[in-house]
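The values are calculated or read from the model by the stated rules, or taken from the named source; none is laboratory data. A quick note: this is a predicted structure, and the numbers were derived from the prediction, not measured. Reconstructed Cβ throughout: ideal geometry from the backbone, glycine too, with neighbour counts over all protein chains shown.
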Amino acid sequence: MSLWLLFKDELNGFYRSKVMLALWVGLPAMALLLYFLVDDIEGMPITVFTGLLISSIGGLLTSVLIVVNILNEKGKKVYDLFLIRPIRRENLLLAKFGAVFLCVMVASLIAITLAAILDSANEGYNVQDILTSMKDSLLITLSIMAINCSAGVLIGVFAPNMLVGILLVLFGANQLSSLVLLPMITGWGEMWMAGLASLVISVALLFGAALVFRRKEI
């Protein structure tokens with residue numbers, strides 16, 4: 001079974017899950033609530049604030065979703081069925097990561113686009129400002145989501161049980177993903193550094209997960 005077929009199978013399951021459905025609806029709804037309930041966020045556009053908020057909440061939910069999914073499949077001996085087929089173990093993880101990341105990326109894009117449209121309705125921001133805010137928001141959101149998803153895969157592989165897995169997400173993955181915000185918070189770096197840092201961290205986490213999964217008894 002190829003990586004593409006595994007990816008489509010995982011995508012078919014994830015995009016209809018209750019957590020993902022909540023993100024499809026919840027993230028855009030959050031952008032609307034912020035627009036109508038928050039008058040001013042220290043001059044920050046709703047687009048940027050929405051990106052920060054949904055990346056934090058969405059990243060946490062997606063990493064928990066991946067951990068729970070992997071641990072459930074391990075507990076039900078689902079992976080035993082793949083051992084008799086010519087499938088690379090790491091492809092199972094890459095398919096899971098890709099499916100969840102794509103789903104949450106689309107949900108985030110919808111929410112940020114909606115926030116950008118709402119921002120454009122305000123006289124204080126012109127089109128150029130909105131596009132810049134939207135670009136920065138997407139970069140921050142996707143960077144944090146990528147780290148959370150890849151960390152969720154690694155935690156799901158080696159966590160002994162559900163409780164440990166969720167605790168590691170709360171106190172490990174969630175904190176690690178905040179590292180990409182350092183360039184913006186400290187002001188010493190450029191925004192593209194967040195994307196580069198996210199790419200390096202995500203690849204390292206997925207590589208570690210693949211190594212552990214390849215050698216682990218399942």
| task | Quick one: count up the residues across region 56-92 that are in contact with a helix residue (DSSP H, G or I) (Cβ under 9 Å, 6 or more places away or on another chain) and closer than 19 Å to Ile166 by Cβ. | result | 20
| query | Going by the structure shown, is Ile54 among the hydrophobic types (A, V, I, L, M, F, W, C) and either surrounded by 18 or more Cβ atoms within 10 Å (Cβ to Cβ) or touching a residue at least 24 places away in the same chain (Cβ under 8 Å) (or both)? | reply | yes
| said: Restricting to region 104-118, give me the number of residues that are under 14 Å from the mean Cα position of the chain (by Cα) and surrounded by fewer than 23 Cβ atoms within 10 Å (Cβ to Cβ). | reply: 3
| Out of all the residues in region 149-206, which are under 15 Å from Ser56 (Cβ atoms), of a type in the set (Gly, Ala, Ser) and at pLDDT below 80? | Ser177, Ser178, Ala194
| message | I'm checking my understanding of the structure. Among residues of region 1-40 that are part of a helix (DSSP H, G or I) and among the aromatic types (Phe, Trp, Tyr), which one is farthest from Phe101 (Cα to Cα)? | response | Phe36
